[in-house]
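Report on the structure given below.
No lab work stands behind these numbers, since they all come straight from the coordinates. Bear in mind the structure is a predicted one, so any value in this text is a computation, not a measurement. Using ideal geometry, Cβ is built from the backbone for each residue, glycine included, and neighbour counts are taken over all protein chains shown.
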Amino acid sequence: MKAHVGDRLVMEAIHVGEPRRVGVITELRHTDGTPPYMVRWLDTGRESMVFPGSESHVEPPHAPHRR
């Protein structure tokens, strides 16, 4: 997985009833765009370091947001 600052990180729910989480990548820790990423979550506004798993994908900022 590779990303750029401003891309969206989408983490699909892995348990029934959990919501998907969407955040904006605010900082890269590696120049090649590989994880971990600093992400500002859209639902809480909080920022955290994320090591995305297989349930995650990156969307460019101009892509239509899938719900």
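Observations on the structure shown:
- Applying the criteria of a DSSP loop state and at most 10 other Cβ atoms within 10 Å to the GluC sites (Glu not before Pro) of the chain yields no site.
- Segment E59-M38, extension gain: residue separation times 0.36 nm, minus the distance between their alpha carbons: 6.0 nm
- Here the dipole of the range 8-59 is about 120 debye; that uses its Cα centre as origin and unit charges on the Cβ of Lys and Arg (positive) and Asp and Glu (negative).
- Against the set (1) 44; (2) 20; (3) 26, the structure's computed percent of Cα pairs over 20 Å apart falls on (2).
- Once C-alpha pairs closer than 8 Å and six or more residues apart are averaged by separation and normalised to the residue number of the chain, the relative contact order reads 35 percent.
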